[in-house]
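Heads up, the thing below is written out as structure tokens.
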Number of protein chains: 2
Amino acid sequence: MRLIHSVAELRAALRGETETAFVPTMGNLHAGHIALAEQAKQAGRPVVASIFVNPLQFGASEDFEHYPRTLDADCAQLAAVGTDIVFAPSAAEMYPEPQTFQVLPPLAGELCGAQRPGHFQGVATVVLKLFNIVQPRYAVFGKKDYQQLFILKGLARQFNLPIQIVEGETVRAEDGLALSSRNAYLSPAERAEAPRLHAVLRAAAAQLGSTDFAQIEAQATATLQVHGWAVDYVAVRSRATLLPPQGEETNLVVLAAARLGATRLIDNIEAVSNRV
Amino acid sequence: MRLIHSVAELRAALRGETETAFVPTMGNLHAGHIALAEQAKQAGRPVVASIFVNPLQFGASEDFEHYPRTLDADCAQLAAVGTDIVFAPSAAEMYPEPQTFQVLPPLAGELCGAQRPGHFQGVATVVLKLFNIVQPRYAVFGKKDYQQLFILKGLARQFNLPIQIVEGETVRAEDGLALSSRNAYLSPAERAEAPRLHAVLRAAAAQLGSTDFAQIEAQATATLQVHGWAVDYVAVRSRATLLPPQGEETNLVVLAAARLGATRLIDNIEAVSNRV
């Protein structure tokens, strides 16, 4: 496996490749990321993973400075599953000049975007840059970051990128907690409480046929609050638009973001409404 | 020469090409466009020209509906200079869904952007889409649309597009008027007056060493107004930033936009200041 830090060296390494499969990450990899790398290997070769903690997508009050950086361990994990190239650029390599061009995505103020102004603009901008550097045929993103996945599918489609977006299922701990780099911030007591987020979403999804959505959202929110969570949102949305479901839409997703202490966790579950 | 209307057919025609040279246009071609196509042929092959009147870059009060569409004549001119492919998509082919993803470029509210809100956002968005469809190695744009050229050079650089932007010199009528599709809107009397725009810019550029820039701009503006022009701006700018020159910057450009009757004309001239 090659570790490459410069755009020029990566371009040279990939010259002539037409079936590259790409896994963009911010590093601090866990089994969810590794599953994406394995999925990439099924899609195409060579497999390129990027590790870049993108300053553009962090708010001023967020954890950019303290986001865990574990390059050596990340590379060992990626090598073990047959990743061909790890691209780990510096911020100066990605942004040699101030990034005055940005991608303005839709839904940037919805759901997680409401609490994280500029976040999805930063994500869309860096992913477009990485796509243009790697020029993959396939790019793999996990469903855990559901709104991100939705936005990046739209980015590829609406900007006519010749890239197929591959979706990775969320990998969970045995107790249901979705794997996330931010789980490491949880205290033991918070870690014991954390699986409730998934449990509450499962319960909400099971009710999609019988109750109105606002009540489902309110009930899930109340359950979390009772157990000490600060809830950013619980939302029943259309999978097609990520907006509140219209009329007879039945392919839905229930999404939530909530904080335990200082740690913000997100999760979601796709479900079919059997409304009649 | 092939005329192609669909994205899928164009992608198939260009599969495996690595040295494509691309000339994006809105059609209604004149000798300035044809010079760009000839320049493209020197840069790489195959030469692809696009003809697409992009609704995104027209304001509500602008001439989108009436912009001249002359596909047959355009194709004949392009074929005569060895263009290999003309890509002429419909609006539905370029925008099969509402374009909710946009590129937000810098300087979008400066110069021509001040009078044309959304214009450069629409230009940057459609050019990014066309770049991703054509995947050229070279793309040729004329200096007549100086701000557009500046923005698209930044787009390619900041989004890491593997595309070299080639600059085409402005082609002029014998009396100095820059060729433009919009010249066809001029009455005979307006056409006789129109070369003054270039003459005034030449006079302004000749003064760059001796006078302060605000006075140069004011004098040029006054000269045009005396002769019946409605002046949007005359501006001395840095070629490096397209902002007002700082300190000892000497590589400058003088740009202007002004209207004769209902017709808005733009022009510019690069010049070196000999300020000491």
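The values are calculated or read from the model by the stated rules, or taken from the named source; none is laboratory data. The shown structure was predicted, so the numbers you read here are calculated from the model rather than taken from an experiment. Using ideal geometry, Cβ is built from the backbone for each residue, glycine included, and neighbour counts are taken over all protein chains shown.
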Legend entry - Given (1) among the β-branched types (Val, Ile, Thr); (2) closer than 14 Å to A:Arg196 by Cβ; (3) within 17 Å of the chain's Cα centre (by Cα), index of the condition A:Val231 fails: (3)
Legend entry - Residue match in the range A:28-45 (condition: out of contact with any Cys (no Cβ under 6 Å at 6 or more places or on another chain), without any contact (Cβ under 8 Å) to a residue 40 or more places away in the chain and of a type in the set (A, V, I, L, M, F, W, C)): no
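Of these, A:Ala124, A:Ala92, which one is within 30 Å of B:Leu242 (Cβ to Cβ) and in contact with a helix residue (DSSP H, G or I) (Cβ under 9 Å, 6 or more places away or on another chain)?
Values: A:Ala92 fails: in contact with a helix residue (DSSP H, G or I) (Cβ under 9 Å, 6 or more places away or on another chain).
Just one listed residue meets the conditions, A:Ala124.
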Legend entry - Selected residue (criterion: farthest from A:His30 (Cα to Cα)) from residues of the range A:79-105 that are facing chain B (nearest Cβ under 7 Å), assigned to a loop (DSSP other than H, G, I, E, B) and touching a residue at least 24 places away in the same chain (Cβ under 8 Å): A:Phe101
Inset, instruction - Kindly indicate whether any position in the range B:30-46 is more than 15 Å from B:Pro136 (Cβ to Cβ), in contact with a Phe, Trp or Tyr (Cβ under 8 Å, 6 or more places away or on another chain) and not β-branched (Val, Ile, Thr). - result: no
Legend entry - Subset of the range A:250-270 [within 15 Å of the chain's Cα centre (by Cα) and of a type in the set (S, T, N, Q)]: A:Asn268
Inset, instruction - Go through (1) surrounded by fewer than 18 Cβ atoms within 10 Å (Cβ to Cβ); (2) assigned to a helix (DSSP H, G or I); (3) within 14 Å of chain B (Cβ to nearest Cβ) and name the single condition A:Pro162 misses. - result: (2)
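Just a yes or no: is a residue in the range B:173-186 closer than 20 Å to B:Val23 by Cα, assigned to a loop (DSSP other than H, G, I, E, B), under 14 Å from the mean Cα position of the chain (by Cα) and away from chain A (no Cβ under 14 Å)?
Step one: filter the range B:173-186 for residues closer than 20 Å to B:Val23 by Cα, giving B:178-182.
The next check asks that each one be assigned to a loop (DSSP other than H, G, I, E, B); those that pass are B:179-180.
Narrowing the set further to residues that are under 14 Å from the mean Cα position of the chain (by Cα) leaves B:179-180.
Next, from what is left, pick out any that are away from chain A (no Cβ under 14 Å): B:179-180.
Within the range B:173-186, one or more residues are closer than 20 Å to B:Val23 by Cα, assigned to a loop (DSSP other than H, G, I, E, B), under 14 Å from the mean Cα position of the chain (by Cα) and away from chain A (no Cβ under 14 Å).
Look at the range A:215-246 and say how many of its residues are closer than 27 Å to B:Thr100 by Cα and either outside the structural domain of A:Ala262 (by TED's automatic domain parsing) or free of Cβ contacts under 8 Å to residues at least 40 places away in the same chain (or both).
9
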Inset, instruction - Could you grab the pairs with beta carbons closer than 6 Å, sequence gap of 6+ or different chains, first residue in the range A:12-27 and in a loop (DSSP other than H, G, I, E, B), second one of a type in the set (Asp, Glu)? - result: A:Gly27/A:Asp74
Inset, instruction - Check the range A:144-152 and report whether any residue there is within 14 Å of another protein chain (Cβ to nearest Cβ), within 23 Å of A:Thr25 (Cα to Cα) and among the aliphatic types (A, V, I, L, M). - result: yes
Legend entry - Failed condition for A:Ala156, given (1) buried (at least 21 other Cβ atoms within 10 Å of the Cβ); (2) hydrophobic (A, V, I, L, M, F, W, C); (3) within 10 Å of chain B (Cβ to nearest Cβ); (4) closer than 29 Å to B:Ala12 by Cα: (1)
Legend entry - Of residues in the range A:120-143 being surrounded by fewer than 23 Cβ atoms within 10 Å (Cβ to Cβ) and charged (D, E, K, R), the one nearest to the other protein chains (Cβ to nearest Cβ): A:Arg137
